[in-house]
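Worksheet for the structure shown next.
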Amino acid sequence: MHDFPAFSFSTVAHLVSELGAANRLGEHIALRFPGAKRALLVTDPGFLKTGLVDAPAASLRTAGIDVCIYSNVVADPPEHIILEAVAAARQHGTDIVIGLGGGSSMDVAKLIAVLAGGEQEIGAIYGIGNVRGTRLPLVQIPTTAGTGSEVTNIAIVTTGATTKMGVVAPQLYADMALLDAELTLGLPPLVTAATGIDAMVHAIEAYTSRHKKNPLSDILARKALGLLSANLVPACQDGGNLAARQAMLLGAMLAGQAFSNAPVAAVHALAYPIGGTFHVPHGLSNSLVLPHVLRFNLPAAAGLYAELAEIVVPQASGSVEARAEALLIAMQQIAAITGIEQTLQQVGIKESDLDQLADDAMLQTRLLGNNPRTLTRDDARAIYAAAL
Ligand SMILES: NC(=O)c1ccc[n+]([C@@H]2O[C@H](COP(=O)([O-])OP(=O)(O)OC[C@H]3O[C@@H](n4cnc5c(N)ncnc54)[C@H](O)[C@@H]3O)[C@@H](O)[C@H]2O)c1
Ligand SMILES: [Fe+2]
């Protein structure tokens, strides 16, 4: 008999996973949001350059919806970009916001939907549960299989040279998320790898989350990890593999649903300072510390890691510890095969940087509190040293 503690679970109400769905965006929107007349498509210059914005934009126009494209999003979006985007939405008279890009574009889209239609200043909504009232209708279309931001209730903003702040609120759950692998076909192999490993970390950390792990997040994390571990290398080796790409998108979304309800922990806590100080992309930062945090967590989480090993390396056998170790090695091998950087030194971090990184990681108290094993400042320093 399992004794299930009380839990709650939230996610996006309407999900579409369908190849080619972005080409029929206008139909999807007209069906779900019959009143929508003026759409703001939120993206970044890199994705705009792929030309993949054209077909969804055209299909919106065919459906009688006016389209304004905001394409100034940058990775790890700073506050001034959010404010500029909100001004663009107001100027345009936007009545529906569509995030079309990676985590950065989708996070910006969430904040536009909240701020453009409301009275609150951005400074008032940082933290947990500080958004008041409703927002504009919001649709999210990921073009990386990574953050899962299309189904999470969090947006991350860069607020200073090395600092980030989060907005966490139920209003940030979109009304609809649409997964179409055709949008991810041009994603370079190394970006595919890093963003895909970010998604795998979401699944692993949700599965071992200390406080809010629950039966639904477990099912999602396990399914996500199965899809992601089976398809990441194929998607990196043949970017045109549509089946692998769609499976990656689905896996990343399921992992997003899992960690939005059973939050991530020390891997993310130690990754954030690497991204913030050294401008290393989010997925790569996670990948660099992942094996070392997993090893640190073994005394507390070997049982759960062994359960996940059955999914990632079903051929693993032996004791709980041996299977947990097999998961750790499998994750390292996946990173190695894809060719992404594997040490902090490869991204320009030196021994003399580690104290600052450890200090900064300890500020991530919300994330550290979810870790299966309590982590001190010395532990953080030792993990960075191992990752160097
Ligand atoms: N809200 C959440 O739940 C959540 C979770 C984790 C991370 N994040 C945030 O998400 C951001 C990272 O998102 P990301 O990893 O998806 O990367 P990203 O959105 O920053 O994009 C990275 C790069 O990939 C390019 N790109 C995106 N899609 C492409 C495509 N299909 N083809 C070619 N190029 C493409 C972009 O132009 C950009 O240069 C960070 O700001 C991070 O803080 C949010
Ligand atoms: Fe992440």
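The values are calculated or read from the model by the stated rules, or taken from the named source; none is laboratory data. Please read all numbers here as calculations on a predicted model, not as lab measurements. All Cβ positions, even for glycine, are placed from backbone atoms using ideal geometry, and neighbour counts span all protein chains on display. Heavy atoms of the whole protein, side chains included, go into the accessibility calculation; ligands, DNA and RNA do not. Shrake-Rupley method; radii C 1.70, N 1.55, O 1.52, S 1.80 Å.
One residue alone among Thr152, Thr162 is farther than 19 Å from His279 by Cβ and of a type in the set (Ser, Thr, Tyr), and that residue is Thr152. Once segment 237-260 is narrowed to residues that are away from ligand 2 (no atom under 16 Å from the Cβ) and within 18 Å of the chain's Cα centre (by Cα), the residue that is surrounded by the most Cβ atoms within 10 Å (Cβ to Cβ) is Arg245. Taken together, the criteria place Val289 among residues that are in contact (Cβ under 8 Å) with a residue 24 or more places away in the chain and on the phi < 0 side of the Ramachandran plot.
Checked against the criterion of being open to solvent by 70 Å² or more (accessible area, probe 1.4 Å), in contact (Cβ under 8 Å) with a residue 40 or more places away in the chain and not in a helix (DSSP H, G or I), segment 362-372 has no qualifying residue. In segment 3-35, what residues are out of contact with any Lys or Arg (no Cβ under 9 Å at 6 or more places or on another chain) and open to solvent by less than 10 Å² (accessible area, probe 1.4 Å)? Selection gives Val12, Gly20, Ala21, Ala22, Leu25, Ile29. Specify the residue that is farthest from the chain's Cα centre (by Cα); the eligible residues are those in segment 209-236 that are open to solvent by less than 10 Å² (accessible area, probe 1.4 Å) and either more than 15 Å from ligand 1 (Cβ to nearest atom) or not hydroxyl-bearing (Ser, Thr, Tyr) (or both). Of everything passing the filter in segment 209-236, Asn214 is farthest from the chain's Cα centre (by Cα).
A residue that is at positive phi and not acidic (Asp, Glu) cannot be found anywhere in segment 251-271. When Gly127 is tested against the conditions (1) small (Gly, Ala, Ser); (2) on the phi > 0 side of the Ramachandran plot; (3) modelled with pLDDT of 95 or more, the lone failure is (3). Scan segment 106-122 and tell me whether some residue there is at pLDDT below 95, more than 16 Å from the chain's Cα centre (by Cα), β-branched (Val, Ile, Thr) and more than 10 Å from ligand 1 (Cβ to nearest atom). Among the residues of segment 106-122, not one is at pLDDT below 95, more than 16 Å from the chain's Cα centre (by Cα), β-branched (Val, Ile, Thr) and more than 10 Å from ligand 1 (Cβ to nearest atom), which makes the answer no.
Of the residues making up segment 151-194, those that are near ligand 1 (Cβ under 8 Å from one of its atoms), at pLDDT 95 or above and part of a strand (DSSP E or B) are Ile154, Ala155. Summed over segment 336-388, the residues that are among the basic types (Lys, Arg) and within 22 Å of the chain's Cα centre (by Cα) give a count of 1.
Rundown of residues vs (1) of a type outside the set (D, E, K, R); (2) open to solvent by 20 Å² or more (accessible area, probe 1.4 Å); (3) within 21 Å of Ala174 (Cα to Cα), yes/no style:
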residue	(1), (2), (3)
Lys37	no, yes, yes
Val42	yes, no, yes
Pro45	yes, yes, no
Leu52	yes, yes, no
Ala57	yes, no, yes
Ile69	yes, yes, yes
Val86	yes, no, yes
Gly93	yes, yes, yes
Val108	yes, no, yes
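Take Ala199 and tell me if it is in contact with an Asp or Glu (Cβ under 6 Å, 6 or more places away or on another chain) and small (Gly, Ala, Ser). Considered against the rule, which asks whether it is in contact with an Asp or Glu (Cβ under 6 Å, 6 or more places away or on another chain) and small (Gly, Ala, Ser), Ala199 comes out as no. Within segment 149-193, the set of residues being within 16 Å of ligand 2 (Cβ to nearest atom), closer than 17 Å to Gly256 by Cβ and open to solvent by 10 Å² or more (accessible area, probe 1.4 Å) comprises Asn153, Ile154, Ile156, Gly166, Val168. For segment 131-143, which residues satisfy the criterion of being of a type in the set (S, T, N, Q) and surrounded by 13 or more Cβ atoms within 10 Å (Cβ to Cβ)? Across segment 131-143, the qualifying residues are Gln140, Thr143.
Kindly evaluate Ile337 against the criterion of being touching a Gly at 6+ places or on another chain (Cβ under 6 Å) and not in a loop (DSSP other than H, G, I, E, B). No.
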